[in-house]
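Scroll down for the structure; my scribbles are underneath it.
No value in this document is a laboratory result; all are computed from the given coordinates. Bear in mind the structure is a predicted one, so any value in this text is a computation, not a measurement. Here Cβ is always computed from backbone atoms with ideal geometry, including for glycine, and neighbour counts include all displayed protein chains.
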Amino acid sequence: MSVARDIASARALFQKAEREADPELKAHALDDALALLASCDPDDVSDAERELIANLRLAHTRQLLAQLVSLTSISMDAWFDYVGLLFGEVRGEVELLVGNDAQLRENYDRFIGLWGNVLAEILKRDLS
């Protein structure tokens with residue numbers, strides 16, 4: 001598949017993720033879009049395409065961070081999917097965005113706190 005087609009497919013997956021109401025399906029669409037962009041062979045990517053990929057990743061990470069406040073009643077499994085994205089694939093974008101936008105930082109902190117405190121308590125009990 002060409003880089004242009006991969007980028008178009010990833011963009012469609014990002015848009016699907018934005019519209020998706022089911023948190024688990026949203027996370028999977030985001031993960032698929034990011035994987036598709038990551039699979040582009042760097043030797044085949046032009047400078048313009050590289051910039052477009054970076055902009056897509058940043059824009060959709062910003063969108064995700066903005067939507068985190070609506071994900072208040074998700075399962076721990078879905079939460080782990082998002083944490084995997086936030087601390088993994090888009091970590092650099094997250095750090096940049098939450099460092100420059102107080103509202104996105106608040107959304108991020110609130111989301112991490114959903115299950116983070118419960119998980120910490122579970123781990124403490126298991127270590128005792």
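Here are some notes:
- For Phe87 and Asp22, a Förster radius of 25 Å and the Cβ-Cβ distance give a FRET efficiency of 0.70, rounded to the nearest 0.05.
- Among 94-103, 81-90, the peptide with the highest mean count of other Cβ atoms within 10 Å heads the list, and the full ranking is 81-90, 94-103.
- The chain: calculated mean residue ellipticity at 222 nm from DSSP helix runs of at least 4, using -39500 (n - 2.57): -26000 deg cm²/dmol
- The stretch 19-62 shape via C-alpha gyration tensor axes, a/c threshold 1.5: oblate
- Normalised contact order of the chain, rounded percent, pairs of Cα under 8 Å and 6 or more residues apart: 24
- Counting charges near Asp109 (Lys, Arg +1; Asp, Glu -1) among other residues having Cβ under 14 Å from its Cβ returns a value of -1.
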